[in-house]
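Undergrad: Before anything else, here's the structure in question.
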Amino acid sequence: MKKLAVISVFLLGSLWSAQAASPALDKVLPLLQKRQRTAAENQQVLSLFRTASDPEIIFATGASLVKNPPAKVQEPALFSILMRPESALKQTFAAVIITAMGSVHTELSPILEQALISQDPALRAYAAAAYAIINPQTTAYTPEIVRLYIFDPALAARAMNVLTGKEKSPLSILKKTTTSSDEQIRAATATWLGDLHTQQAAKELLKMAKKESAPSVQAIIATGLAAQRDYTLPLVTKGLQNKPASAYATTCALALGFMPGYATDALRQNLTSTKTNARINAARAAAYMAGVLSNPDAFAYSSDRTFDIYLLKGLIAPLKALALSGSAEEKTYAENAMRQIEKLME
């Protein structure tokens, strides 16, 4: 699912950044980003990986080949890279690609261990997943495997399955990483929890929402809560009663903004609440909802954008009343929400 720009995950320290891509990388990105490639196209990517000297190209082609592994017949070509020590980055990705192809070679462990102390968090994450698949008795690198979820969900899930057993949920590990000191790991945890669609996962997201203050992580938590609205809508709505400056109120307002249509009645009720916090936060949520519906990716959050805009227009009257009779702070938020809705209607 596409995400709005405001919740784009950040690749801290990663060598592969589309915004900062070199001209050479720009040329091959369309091929690398294809979800499915022909055998000939995959061979082309493998050739790029084997001959590249630019770290950006090595990282990008390597990561792409992890997602779309080459044919088994290419394994010797990848092993030949391991024999050439001129690029530790290329050796690491060759080991990860071989593992992604389905093979388990314990002799790759030393190469992966070296990458596990890299300064690049993305590289550590790839290495940790491959290392776990080869050495399932070692659980020290599970936070790095969780980090990998924002780069390569399939490999992260495979590694987690090896560690926890295919019949078990990763929830027990994700519970631990919700409080990681690493912002990117918390972001990956929230992303993974949001994709589980279970009541237990929703509960953990709500716990995160009460403490998380990093805007990028708050936004990911909010989309996860919105995606699991059957479990979260009443509690998220109740969260509007918290102080507007609190992390929880911010995340709850944003989560309701990501529920076009479904949360409109809740916002209307809170705009006329006797509680000041609820009125302010409901106005914030209405502005967020207008922003979601005005975005090109609105279809990811709304099954009927036209109808949801119609429902949102119904909030203009209580917002006007709040702007006229509310405090200065309430007026500010109410007027901003009305402006956002009016822009949507232009």
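Just so it is clear, none of the values below were taken in a lab; they were calculated from the coordinates. None of these values were measured; they are calculated from a predicted model. Glycine also receives a Cβ, built like all others from the backbone with ideal geometry; neighbour counts cover every protein chain displayed.
Undergrad: Rounded if a/c is under 1.5, else prolate if a/b is larger than b/c, else oblate: which is the stretch 1-164, with a ≥ b ≥ c the root eigenvalues of its Cα gyration tensor?
TA: Judged from the Cα gyration tensor, the stretch 1-164 comes out rounded (a/c under 1.5).
Undergrad: To continue, here is another question. Using the Cα atoms of the stretch 169-295, I'd like the radius of gyration and the largest Cα-Cα distance, Dmax, both in angstrom.
TA: Spelled out, the Cα radius of gyration and Dmax of the stretch 169-295 are 13.8, 42 Å.
Undergrad: What nm distance separates the two modelled labels at Glu86 and Gln119, each placed 7 Å from Cα along Cα→Cβ?
TA: Between Glu86 and Gln119, the simple spin-label model gives 2.4 nm.
Undergrad: Between Lys72 and Gln241, how many nm apart are label points set 7 Å from Cα along the C-beta direction?
TA: A separation of 6.1 nm, rounded to one decimal place.
Undergrad: Before anything else, pin down the relative contact order of the stretch 1-164: Cα pairs under 8 Å, at least 6 apart, normalised by residue count, whole percent. Intermediate values should be presented prior to the final figure.
TA: Values: 190 pairs, mean separation 30.4, N = 164.
Over the stretch 1-164, the number comes to 19 percent.
Undergrad: Per the Debye formula with a single identical scatterer at each Cα and no solvent contribution, what log10 I(q)/I(0) holds for the stretch 241-310 at q = 0.12 Å⁻¹?
TA: Computed log10 I(q)/I(0) values: -0.29.
Undergrad: Which whole-Hz couplings ³J(HN,Hα) result when phi for each residue of the stretch 113-122 is put into the Karplus expression 6.51 cos²θ - 1.76 cosθ + 1.60, θ = phi - 60°, listed in order with x for Gly and Pro?
TA: Rounded to whole hertz, the list is 4, 5, 6, 5, 10, 5, 6, 8, x, 5.
Undergrad: Subtract the Cα-Cα distance of Ala317 and Ser181 from 0.36 nm times their separation in residues, and report this length gain in nm to one decimal.
TA: 44.6 nm
Undergrad: How are the Cα pair distances of the stretch 260-346 distributed, in percent, across 5 Å bins from 0?
TA: 3, 17, 30, 24, 15, 8, 3, 0
Undergrad: Once the piece of chain linking Glu335 and Gln33 is laid out straight, how much longer is it, given 0.36 nm per residue of separation minus the C-alpha distance between them?
TA: Additional length available on full extension: 104.6 nm.
Undergrad: May I pose another question? Find the percent of Cα-Cα distances in the stretch 140-200 that exceed 14 Å, and round it to a whole number.
TA: Cα-Cα pairs in the stretch 140-200 separated by more than 14 Å: 49 percent.
Undergrad: Let me ask you something else. For Gln44 and Ser325 in one chain, what is 0.36 nm times their gap in residues minus the Cα-Cα distance, to one decimal in nm?
TA: Values: separation 281, 0.36 × 281 = 101.16 nm, distance 6.56 nm.
Extra length from Gln44 to Ser325 when fully extended: 94.6 nm.
Undergrad: Now for a separate question. Please identify the trypsin sites (Lys or Arg not before Pro) of the stretch 84-167 that satisfy two criteria: DSSP loop assignment and at most 13 other Cβ atoms within 10 Å. Which are they?
TA: Qualifying residues, ordered by number: Lys166.
Undergrad: Leaving out same-chain residues fewer than 8 places away, which lysines sit with a Cα under 25 Å from that of Lys343?
TA: Lys2, Lys3, Lys313, Lys320, Lys331
Undergrad: Given that compact globular proteins tend to follow 2.2 N^0.38 Å, what is the ratio of the alpha-carbon Rg of the chain to that value? Show your work: numbers first, answer last.
TA: On the way: Rg = 23.1 Å, N = 346, 2.2 N^0.38 = 20.3 Å.
For the chain, the normalised Cα radius of gyration comes out at 1.14.
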